1. With n ≥ 4 as the cut-off for DSSP H runs, can you work out [θ] at 222 nm for the protein assembly as shown, using -39500 (n - 2.57) per run divided by the number of residues, rounded to the nearest 500?
2. Provide an ascending nm list, one decimal, of label-point separations from A:Glu96 to the equivalent residue in each further copy; define each label point as 7 Å from Cα along Cα→Cβ.
3. Is the shape of the stretch B:81-143 best called rounded, prolate or oblate, per the rule: a/c under 1.5 gives rounded, else a/b larger than b/c gives prolate, else oblate, with a ≥ b ≥ c the square roots of the Cα gyration tensor eigenvalues?
4. Tell me whether the stretch B:45-102 comes out rounded, prolate or oblate; compute the Cα gyration tensor, take square roots of the eigenvalues as a ≥ b ≥ c, and use a/c under 1.5 as the rounded threshold.
5. Taking R0 as 51 Å, what's the FRET efficiency between A:Gln208 and B:Ala232 from their Cβ-Cβ distance, rounded to 0.05?
6. Using 7 Å Cα-to-Cβ label points, what is the B:Ser153/B:Ser225 separation (nm, one decimal)?
7. Let me check I've understood the local charge: for B:Val45, count other residues with C-beta under 10 angstrom from its C-beta, Lys and Arg +1, Asp and Glu -1. What total comes out?
8. For A:Gln208, place a label point 7 Å from Cα along the Cα-to-Cβ direction in every copy; what are the distances to the other copies, in nm, shortest first?
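Read-outs throughout are calculated quantities, based only on the coordinates presented, and are distinct from any laboratory measurement. The structure presented is a predicted model; accordingly, all values stated were derived computationally and were not measured. Virtual Cβ from ideal backbone geometry, glycine too; neighbours counted across all protein chains shown.
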2 protein chains.
Amino acid sequence: MSNPTGAMLVIGDEILSGRTRDSNTNHLACALTAAGIDLAEVRVVRDDAEAIIAAVRALSAACTYVFTSGGIGPTHDDITADAVARAFDAAIDIREDARAILAAHYERAGTDLNAARLRMARIPEGASLIENPVSAAPGFIIGNVHVMAGVPSIFEAMLASILPSLTGGAPVISRNLDIHRAEGDIAGPLADLAARYPQLSFGSYPFQRSGVHGANVVARGQDVSALDAAMAELAEHFG
Amino acid sequence: MSNPTGAMLVIGDEILSGRTRDSNTNHLACALTAAGIDLAEVRVVRDDAEAIIAAVRALSAACTYVFTSGGIGPTHDDITADAVARAFDAAIDIREDARAILAAHYERAGTDLNAARLRMARIPEGASLIENPVSAAPGFIIGNVHVMAGVPSIFEAMLASILPSLTGGAPVISRNLDIHRAEGDIAGPLADLAARYPQLSFGSYPFQRSGVHGANVVARGQDVSALDAAMAELAEHFG
């Protein structure tokens, strides 16, 4: 596989304390897989500027695309935009296009665009905006980094709006088979199969359901005929 | 806070492809918070030796404790033990104590201890074993890195067995309050409160339930009387 690669950076103390379960990573993983982009790494860091800057720089250098979630709201702990700007040595201030979006949204709602809400118009110089159809406050793209909200409904809407602009490779297709044998009995034949189909990757995930042990074997790759041939061999071997 | 810090390293293509949702991170986060250890970072990497080695070295150097999940089963894609050994420049081979545990387990089950299962007795030189009460194959501890299984029931049992051996600080306590106001109206008073209680950290997490908007404000820290005083002020302000 030589598809473009993606990295996810989840920002937030609430994930690391256990208060909140991150669901954005799994949503992104499924969307990227379908788009032919290989999610290569995920990191979760605290609401800490130095931690965010280091992770943005490392992931931006290593992957084709970086996606972040969290830390772009109106409160004092929302420091993602400023930290990402620093990661790119970019200036940041309230930007007129973002301010106008917020002003129109809060005017319709009859709500005051106060200083806290104005913080959500802080956009690094040179970034382009990501539309937020849920609550108006935009995300942004700088370099190869896509900065999005942590609230799942907003993250998902923002991702949907940027996905068409990303260049994917051939989608990675997967096939899977439940084998009702212990994983230790599957391992030998599976290693043989993997050696004969080097263009595919194989994983084995043990399960126990209603007292029945087995493993779900997953094959992944871009060569559909190889996938089908390998899975047919596997089914015949354990049939 | 100057508590010991923890890092989680989740290993597995199945998380990055979206096939599997990781639940071990949230379980670990809650357990470490209760034990007075601050989870500082999480990474998810592929079943790739170089990716595992780089992450183990970086996290081991940065944190007091590192915990890994995944990649210690009998199949060819289970490469965690060998990669962790390489991260520490340690030799690795089938070790007699681990082999004996597997032999006893499979003899009781009337199952063959074949070559694939014997791979699970590969333990880096100098490591100590982590008991696996579910399926026998042990995890291990080398340096400050605790290598555990990816299957949640096994990960949780292994974590329970090592937790008493970890040195924690004062547990971080949290208090939270639902405020039925827009987050942009909470932000100003919350920032003032955070400035007056520098020993605490405050987070704000917007919600929408049954059409009602609000934010859950969370305060965290080790000073219970400060926590209670801050939350009383918050409740009075927005009461």
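1. On the way: 18 runs with 192 residues, N = 478.
Computed ellipticity for the protein assembly as shown at 222 nm equals -12000 deg cm²/dmol.
2. Distances to the matching label points in the other copies: 8.0 nm.
3. On the way: a/c = 2.67, a/b = 1.88, b/c = 1.41.
The shape class here is prolate.
4. On the way: a/c = 1.94, a/b = 1.49, b/c = 1.30.
Judged from the Cα gyration tensor, the stretch B:45-102 comes out prolate (a/c at least 1.5, a/b above b/c).
5. Details: r = 49 Å, r/R0 = 0.96.
That gives a FRET efficiency of 0.55.
6. So the label points at B:Ser153 and B:Ser225 sit 4.8 nm apart.
7. Details: positive: A:Arg43, B:Arg43, B:Arg46; negative: A:Glu41, B:Asp13, B:Asp47, B:Asp48, B:Glu50.
After counting each charged neighbour, the total is -2.
8. Computed spacing set for this position: 4.2 nm.
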